[in-house]
Amino acid sequence: MKTNIALIGFMGTGKTSVARLLAERTGKRLVELDELAALSAGKPISRIFKEDGEAAFRKLEAEITAKAALGKDQVIACGGGVVLNPANIAILKKDSVIVYLKASPEEILARVSADGAVRPLLQTEDPAQTIKQMMESRKPLYEQAADIVIDTGGLKLEAVARKVIDGLRDYERKDK
Ligand code: S3P
């Protein structure tokens, strides 16, 4: 049986908050890949993008993902773009059940506007349109990578965490 839970999904789907709840419930260790990338670079993600560019961030993200994927008994909150590099997913799959948190572009826009975090890829003239386009191109990647898909529409974080735990139980039953 796999010992890690990895949460994937678009920016603003609640990956970090749900991962925190899941870590509390399961006793697994919370690992936040964006936070590890910022720690390793010694600056926030927004500055990595601005000063070093997206390619440098993706390289760092791949290194951090590979290292984290080797750990055990963790809830891993991934950055929204982790699926862009198939190597990230391949290494995560070794010991992680991959859970895709799905939300509509409208809900994502509302959440990213409300949470105050600076998201470099959404600093555009029309973030609503940017979200729609990025979601369109990433949707197949999230779906392909996922072992479990959770529709977070209209749900509070607590309810999403509960759905993930139920989903994991069903997944493990099928896996036996
Ligand atoms: C990104 C998502 C961000 C962060 C970076 C790039 C993306 O993480 O890794 O800004 O490409 O979707 P969150 O999904 O945690 O906001």
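Every read-out reported here was derived from the displayed coordinates using simple, explicitly stated rules and does not represent laboratory data. Computed from a prediction, not measured in an experiment: that's the story for all the values here. Quick reminder, even Gly has a Cβ in these numbers, built from the backbone with ideal geometry, and neighbours come from all protein chains shown.
Numbers below:
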read-out	value
Pairs where the first residue, in region 18-40, is without any contact (Cβ under 8 Å) to a residue 60 or more places away in the chain and under 12 Å from ALA6 (Cα atoms) and the second is acidic (Asp, Glu) and surrounded by fewer than 18 Cβ atoms within 10 Å (Cβ to Cβ), C-beta under 7 Å, 6+ apart	LYS28/ASP73; ARG29/ASP73
Scan of region 63-90 for residues that are within 15 Å of ASP147 (Cβ to Cβ) and β-branched (Val, Ile, Thr), ordered by number	VAL75, ILE76, VAL82, VAL83, ILE89
Some residue of region 78-95 being under 20 Å from ARG162 (Cα atoms), of a type outside the set (Phe, Trp, Tyr), touching a residue at least 60 places away in the same chain (Cβ under 8 Å) and near the ligand (Cβ under 10 Å from one of its atoms)	yes
In region 47-77, residue farthest from the ligand (Cβ to nearest atom) [restricted to those that are under 17 Å from LEU122 (Cα atoms) and either of a type in the set (Val, Ile, Thr) or in contact with a Phe, Trp or Tyr (Cβ under 9 Å, 6 or more places away or on another chain) (or both)]	ILE48
Selection count where residues are of a type in the set (Gly, Ala, Ser) and touching a residue at least 24 places away in the same chain (Cβ under 8 Å), scope region 41-60	1
Residue that is nearest to the ligand (Cβ to nearest atom), among those in region 1-46 that are assigned to a loop (DSSP other than H, G, I, E, B) and hydroxyl-bearing (Ser, Thr, Tyr)	THR13
In region 26-73, the residues that are out of contact with any Leu (no Cβ under 7 Å at 6 or more places or on another chain) and of a type in the set (S, T, N, Q)	THR26, SER46
Complete set of residues in region 96-131 that are of a type in the set (Val, Ile, Thr) and either over 15 Å from the mean Cα position of the chain (by Cα) or within 12 Å of the ligand (Cβ to nearest atom) (or both)	ILE108, VAL112, VAL118, THR124, THR130, ILE131
